[in-house]
Amino acid sequence: IGIIHPYCASGGGGERVLWVAVKALHDNCAKRIVIYTGDLDVTVSDMRSRAFDRFGICVPNCIELCYIRSRWLLEPRLYPVATLFGQAVASVLVGFECLIRQPPEVWIDTTGLAFTFPLAWLCGCRIGAYVHYPIISTDMIKDLSKASFNNRTLFVRSKFAATCKLLYYRAFAIAYGWAGRCAKAVATNSSWTRSHIEALWQLPNIQTVFPPCDTDTLISLSNFVKPIDSITVVSLAQFRPEKNHELQLEAWALLPSKIRQRASLVVAGAVRHQDDDHLLSELRSKCSRLGLDDSVSFFIGASRSDILSLMRKAHVGLHTMRLEHFGIAIVEMMASAVVPVAHASGGPLLDIVGDKRDRGLLADSPQEYADALTLLLSDATTRTNMAKAGQRFVKTRFSDAAFASAFVGAMRPILPITST
């Protein structure tokens with residue numbers, strides 16, 4: 001079994017999914033498991049140590065790493081124009097290297113490299129996918145009228161440019177659907193992702209398999225009795241543009257000074273490469289410009305024990321990505337009795353927090369986030385009630401065991417299962 005995951009040494013939620021999936025496959029399948037990675041300086045031992053330190057997962061020592069040298073082709077900074085097309089072509093080249101170096105019988109993609117599927121199919125592989133998000137969606141097409149990190153102002157102001165990009169997106173969606181239909185076993189991480197993949201790939205039996213969260217450990221370490229004189233708000237997300245950390249700083253700046261004086265925001269996350277590091281520098285600068293240095297801190301590359309300690313003392317969690325495909329960090333917050341304030345879209349809206357305001361709050365604009373934070377930071381009773389309701393909700397729904405069983409079931413058409 002070959003699993004293509006070029007950034008498997010990163011510390012994000014996608015890597016936690018990878019390692020729980022690897023363990024589930026190992027426990028249920030007699031085949032060798034090879035991870036195709038571009039982390040050339042990381043050994044199997046290093047990888048296992050990182051997975052345990054960051055996620056508390058004991059990765060089987062029988063896994064193999066197949067090192068690929070073309071990963072740099074996937075970097076979005078290489079394609080300032082037509083980024084989707086550039087990365088799609090790059091993924092084919094990366095996939096070609098993987099298949100040449102170590103051709104598998106089963107090809108499983110866990111990072112959204114669907115354009116490798118036709119190539120893997122030509123090589124006789126049985127193809128499966130765990131889809132975290134569609135790389136093109138109807139939401140992206142609708143948002144062409146709005147400026148964002150992946151839609152320049154030019155395409156908002158110019159009707160001709162917007163029409164060209166619309167045609168480009170539609171053509172790309174057709175190609176993406178054609179590539180996706182090569183897969184024989186597909187699972188998605190949320191209701192939102194599933195609806196888009198069903199529309200694009202037009203395959204039967206696509207299953208929703210919620211990402212794994214170590215809810216048992218988090219619940220056992222959770223603490224409902226927290227200091228009320230000093231309140232901690234935590235953000236857990238990789239430093240990527242789509243995570244929209246700027247919105248967190250803008251909302252924090254709008255808090256009443258009386259509340260902000262007795263609260264602190266800890267922005268924790270991982271940095272994958274130079275682009276992420278540049279973004280982090282910009283965030284630090286913005287924090288200073290807004291005069292927030294005394295109440296905002298950045299925690300980079302935190303270990304698993306660091307995260308657990310942070311979650312134990314935190315009161316409220318902040319998550320600002322729009323159209324987040326799922327939101328594993330939000331589940332971790334809720335399991336840790338941390339009340340989330342998340343974006344009113346995607347997985348947080350449909351699968352995790354919901355819109356009933358009983359286990360967390362949703363927001364969109366900086367002011368809405370500030371209002372939600374103000375409520376939770378000033379009302380301990382509401383905060384505690386939401387924390388208890390959220391913890392009950394995630395206890396079994398998003399556990400490692402639930403994911404492992406559902407993932408193996410979804411991949412069953414392409415795997416030789418020895419036990420269940």
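The values are calculated or read from the model by the stated rules, or taken from the named source; none is laboratory data. The structure presented is a predicted model; accordingly, all values stated were derived computationally and were not measured. Note: ideal-geometry Cβ built from the backbone for every residue, glycine included; neighbour counts use all protein chains shown. Just so you know, the surface numbers come from the protein's heavy atoms only, side chains and all, with ligands and any DNA or RNA stripped out. Shrake-Rupley method; radii C 1.70, N 1.55, O 1.52, S 1.80 Å.
Are any residues in the range 229-246 over 24 Å from Glu75 (Cα atoms), open to solvent by 10 Å² or more (accessible area, probe 1.4 Å) and not charged (D, E, K, R), and if so, which ones? Of everything in the range 229-246, those that are over 24 Å from Glu75 (Cα atoms), open to solvent by 10 Å² or more (accessible area, probe 1.4 Å) and not charged (D, E, K, R) turn out to be Ser230, Thr232. For Ala335, the conditions (1) closer than 28 Å to Gln261 by Cβ; (2) touching a Cys at 6+ places or on another chain (Cβ under 8 Å); (3) hydrophobic (A, V, I, L, M, F, W, C) all hold with the exception of (1). The set of residues in the range 116-138 that are open to solvent by less than 30 Å² (accessible area, probe 1.4 Å) and not in a loop (DSSP other than H, G, I, E, B) comprises Thr116, Phe117, Pro118, Ala120, Ile127, Gly128, Ala129, Tyr130, Val131.
Scan Val89, Val59 and give me the residue that is under 30 Å from Phe299 (Cβ atoms), out of contact with any strand residue (DSSP E or B) (no Cβ under 7 Å at 6 or more places or on another chain) and either open to solvent by less than 20 Å² (accessible area, probe 1.4 Å) or not in a loop (DSSP other than H, G, I, E, B) (or both). Break it down into steps so the answer makes sense when it comes.
Working: Val89 fails: under 30 Å from Phe299 (Cβ atoms).
Matching residue, one of Val89, Val59: Val59.
In the condition set (1) of a type in the set (A, V, I, L, M, F, W, C); (2) open to solvent by 40 Å² or more (accessible area, probe 1.4 Å); (3) under 30 Å from Ser49 (Cα atoms); (4) touching a helix residue (DSSP H, G or I) at 6+ places or on another chain (Cβ under 6 Å), Leu350 is compliant with all but (3).
Do the conditions hold for Asp371, that is, is it loosely packed, with under 15 Cβ neighbours inside 10 Å and farther than 22 Å from Glu15 by Cβ? Considered against the rule, which asks whether it is loosely packed, with under 15 Cβ neighbours inside 10 Å and farther than 22 Å from Glu15 by Cβ, Asp371 comes out as no.
Name the residue, out of Thr396, Thr420, Thr381, that is over 28 Å from Val22 (Cα atoms), of a type in the set (Ser, Thr, Tyr), open to solvent by 40 Å² or more (accessible area, probe 1.4 Å) and at pLDDT below 95.
Working: Thr396 fails: over 28 Å from Val22 (Cα atoms); Thr420 fails: over 28 Å from Val22 (Cα atoms).
Testing whether each residue is over 28 Å from Val22 (Cα atoms), of a type in the set (Ser, Thr, Tyr), open to solvent by 40 Å² or more (accessible area, probe 1.4 Å) and at pLDDT below 95 leaves just Thr381.
Out of everything in the range 321-332 that is in a loop (DSSP other than H, G, I, E, B) and of a type in the set (A, V, I, L, M), what residue ends up being surrounded by the most Cβ atoms within 10 Å (Cβ to Cβ)? Give the steps one after another, and end with the answer.
Narrowing the range 321-332 to residues in a loop (DSSP other than H, G, I, E, B): 321-327.
Right, trim to of a type in the set (A, V, I, L, M) and you get 321, 323.
Working: Met321: 23, Leu323: 19.
Here the answer is Met321.
Considering the range 97-115, the residues that are under 26 Å from Ala410 (Cα atoms) and part of a helix (DSSP H, G or I) include one that is most open to solvent (accessible area, probe 1.4 Å), namely Phe115.
When the range 277-320 is limited to residues that are closer than 25 Å to Ser10 by Cα and among the hydroxyl-bearing types (Ser, Thr, Tyr), the one that is surrounded by the most Cβ atoms within 10 Å (Cβ to Cβ) turns out to be Thr320.
Inside the range 28-48, can you point out the residues that are modelled with pLDDT of 90 or more and either open to solvent by 70 Å² or more (accessible area, probe 1.4 Å) or under 21 Å from Asp306 (Cα atoms) (or both)? Write out each step before concluding.
So the first thing to find is which residues in the range 28-48 are modelled with pLDDT of 90 or more, and the list is 33-48.
Correct list: Leu40, Asp41, Ser45, Asp46, Met47, Arg48.
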